[in-house]
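Structure first, then comments.
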Amino acid sequence: RASSELKKERTVVRARSLEIGGKAIGVIAGPCSVESEEQIVSLAIKLKALGATGLRGGAYKPRTSPYSFQGHKVEGLKMLATARAETGLAIVTEVMAPEHVPVVAEYADVLQIGARNMQNYQLLTAVGDSGKPAFLKRGMSATMDEFLLAAEYILDRGNDQVILCERGVRTFEEHTRFTLPLASVPYLQAKSHLPVVVDPSHGTGKAPLVPPMARAAIAAGADGLMVEVHDDPEHAMSDGAQTITPEAFARMMAECRRVAEAV
Ligand code: PEP
Ligand code: MN
């Protein structure tokens, strides 16, 4: 069960370099999409030096439009594995379908379930059965109860390595891509023993808003962050508008460290 009433001690999720829910804040950074081996390896080296503890990058991309880039798929997974071999960073990448769980689990350290698939119960069950840690993103119109019940589909398979990720919800507001409710952090931490990560990139959709909301997430007590970073966001193959540069990521990390010390 996800409830903190049934399990008192907090769950710590561990995968290689990544620890979420322990003392330190875990930071999973990387591009929205894996674009090339050169891109992901050189970026991973920079991100590790700047304090990232996990590497993200999509190989299977859930795109709103069928005409948008859909990801490099297995080739993208291999590029991520090369970046891991170079840096030791744990790989967090999305799996979109139950039948892809074996191949994604072969290369990745943590299996991401995207917002659009939060209630894909066959996928949740397959990820639970994989034995790999799961990174579960909140559906864009899911309630907290639905989110926690989705996590329970994974836990119910005997897999307690589940990270909850608040990535913003759909509201009437259009100045940001989604609306990022940071009250979810203390709410979920009180309700559940699972660690909570915030994704200010998808949560806002706008790069200048990412560092301030990352700081706010840490102030609210988040166990970690997921942030989209790219060397040249303007030319990113997906989500460029919400993607920050390594330079901005370096400043964000310094600011977040100061906030973490203060709370
Ligand atoms: C992503 O992390 O790139 C992604 C597609 O996120 P979400 O499922 O939250 O939209
Ligand atoms: Mn993205």
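The values are calculated or read from the model by the stated rules, or taken from the named source; none is laboratory data. Since the structure is predicted, the reported quantities are computational estimates derived from the model, not experimental observations. All Cβ positions, glycine included, derive from the backbone under ideal geometry; neighbour counts span all protein chains shown.
Just a few scattered comments:
- Residue 54 vs. criteria out of contact with any Leu (no Cβ under 7 Å at 6 or more places or on another chain), in contact (Cβ under 8 Å) with a residue 24 or more places away in the chain, crowded, with 16+ Cβ neighbours inside 10 Å and closer than 18 Å to residue 230 by Cβ: no
- Summed over the range 8-37, residues that are surrounded by fewer than 16 Cβ atoms within 10 Å (Cβ to Cβ) and within 16 Å of ligand 2 (Cβ to nearest atom) total 0.
- Condition check for residue 93: modelled with pLDDT of 95 or more and part of a loop (DSSP other than H, G, I, E, B): no
- Exactly one residue out of 85, 81, 15 is in contact with a Pro (Cβ under 6 Å, 6 or more places away or on another chain), at pLDDT 95 or above and over 20 Å from residue 253 (Cβ atoms), and it is 15.
- Among all positions in the range 114-124, there is no residue which is of a type in the set (D, E, K, R), surrounded by fewer than 21 Cβ atoms within 10 Å (Cβ to Cβ) and free of Cβ contacts under 8 Å to residues at least 40 places away in the same chain.
- Checked against (1) away from ligand 1 (no atom under 16 Å from the Cβ); (2) touching a Phe, Trp or Tyr at 6+ places or on another chain (Cβ under 9 Å), residue 229 meets all criteria but (1).
- Total residues in the range 199-232, condition over 19 Å from residue 50 (Cα atoms) and within 16 Å of ligand 2 (Cβ to nearest atom): 6
- Test: residue in the range 154-172 that is farther than 30 Å from residue 102 by Cβ and assigned to a helix (DSSP H, G or I): no
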